[in-house]
Each structure stands twice: as structure tokens, then as C-alpha cells.
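To start, the structure itself, in C-alpha cells.
The values are calculated or read from the model by the stated rules, or taken from the named source; none is laboratory data. In this text, all values refer to a predicted model and were calculated from it rather than measured experimentally. Here the Cβ positions follow ideal geometry from the backbone for every residue, glycine too, while neighbour counts run over all protein chains shown.
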Amino acid sequence: MIKEKEKIKSLVSGEQYDALCVLVKEKKSRLSLLLSLSYTTDNNARFKVIKAAGYAASAIPERESDFLRTIISNLFWSLNDDSGSVGWSSPELLGEIISARMDLFKEYVPLVISLLKIKEAYFRPGVLWAMGRIAARDPSPIKPYAPYINMYLADPVSETRGYAVWCLGQIGSPVPEEHLQHLLQDTTEVWLMDGQGNISKKTVGGITQETVTRKLQ
């Protein structure tokens, strides 16, 4: 299993997603090994794992969708106090897997949105990112929640601010005037995987400018 995990890690690091999908098609339990790689403080590597999870989920045929449902249930459970585990990247993984298979799992979107109420604030950036990732595929279930997203535009955590304003861009909602200037001037850097799967470090101000430009187009 160690060699198998190292193989998966190497493919993810090299962004060899087609080869990874071949492995998952051969043995779907390898998806669980992939998800375990998300336990890292390296945000670039973490987003590569999250991106890979979407590819891997897409590789699993619809007839075996119950396996993915179990994965999704386990990710939600990991955010529960009673789980005994800490689902550091669970919100992002949920957003990526659900957005990759909206044909099968759109029913889970309200549950992802409900995670905004989670008491552990360190999960909130991931929830906002997950909402934006889902909105990049289909903004309709996320757009009604723009007023709730706006609540986090002045959050003290830079990732929360950055992902909130990015999420607004994905649903086509304007940045409220009272937040616009402080966000545009925010030079704090955050790691972001955008709606096209590009992973990079950006300033909150840069993300805000992209959101404003997107709205004007």
C-alpha cells in the first residue's frame, strides 16, 4: 500500500491526471489513498490533490456511484465533532467531487452550503471555496446565498475574504460597495484553484479585481 500511495503522490505532484484516472478505474479504493494525501500544510500540493479528486471521481462509472456516495458521506462525517477525526480539506474535497459529478450529486449542494454555519471557523474558507467551485459548474444553487457570502468579505482570515469574493465572481454577484475599496487594496496572498482548475497564489485584491472585471463583461 505504501508503494501504491507513493505512486499516486508522484502522479498528483506531476499533475498526471489521466494516468491517475487509469489507476482509479482499475481499483476504485485508490481514491481513498488519494484523499489521504490532502493532509498537508503545503497548499499548492493540497490543491493538486483536491483537483485530482475531481478527475478521479469522474473516472468512476455511474454504476459504481454508491462508492462515491460513501466517500461523500465520510467527508461530511469528518466535519462532525463525533467523528474523532479532523477533516482539514473535507469541504474542498466535497466541493470538487460534487462539482465534478453534478449529474449524480447535485442533491448534496444544500448540505455543503449549510456548512457555512459550522462552529469551527477554520473550515469556513474551504466551504466558501467549495461553493465557488460548484458555482463554476452551475451557479444557480449558490446564487441565492450571495447575502451570506457577503458576510465574510471583512473576515480577519485572508482565505475567508479571498474565497468569499472569488465565490461572488463565480455566481456573477457584485462586490458590495462598502467592501470594495478595502478588498481591492488587500495585498494579502492566498492560494487559489480557480474555476478552470488553475492553481496559483494571488492577492485578495487581485481576486477582487478579477471579480469586478468578470461582472463588467
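Quick notes on this one:
- Any hit, the range 169-187, residues being among the acidic types (D, E), surrounded by fewer than 17 Cβ atoms within 10 Å (Cβ to Cβ) and modelled with pLDDT of 95 or more: yes
- Residues of the range 175-193 satisfying the condition of being more than 30 Å from A45 (Cα to Cα) and touching a strand residue (DSSP E or B) at 6+ places or on another chain (Cβ under 7 Å): none
- Some residue of the range 143-151 being farther than 18 Å from G95 by Cβ, buried (at least 18 other Cβ atoms within 10 Å of the Cβ) and of a type outside the set (A, V, I, L, M, F, W, C): yes
- Test result for E4, charged (D, E, K, R), free of Cβ contacts under 8 Å to residues at least 12 places away in the same chain and part of a helix (DSSP H, G or I): no
- Wholly within the range 26-97, helices (runs of 4 or more DSSP H) carrying at least 1 residues that are of a type in the set (G, A, S) and either crowded, with 18+ Cβ neighbours inside 10 Å or in contact with a Gly (Cβ under 9 Å, 6 or more places away or on another chain) (or both): 43-59
- Filtered by the rule that a residue be farther than 15 Å from V190 by Cα and in a helix (DSSP H, G or I), the range 152-173 gives L168, G169, Q170, I171.
- Across the range 133-142, not a single residue is classified as in the same structural domain as S65 (by TED's automatic domain parsing) and in a loop (DSSP other than H, G, I, E, B).
- Checked against (1) without any contact (Cβ under 8 Å) to a residue 24 or more places away in the chain; (2) in contact with a helix residue (DSSP H, G or I) (Cβ under 7 Å, 6 or more places away or on another chain); (3) not assigned by TED's automatic domain parsing to the domain that holds S73, M151 meets all criteria but (2).
- If the condition is being buried (at least 22 other Cβ atoms within 10 Å of the Cβ) and of a type in the set (F, W, Y), then the range 109-141 contributes only W129.
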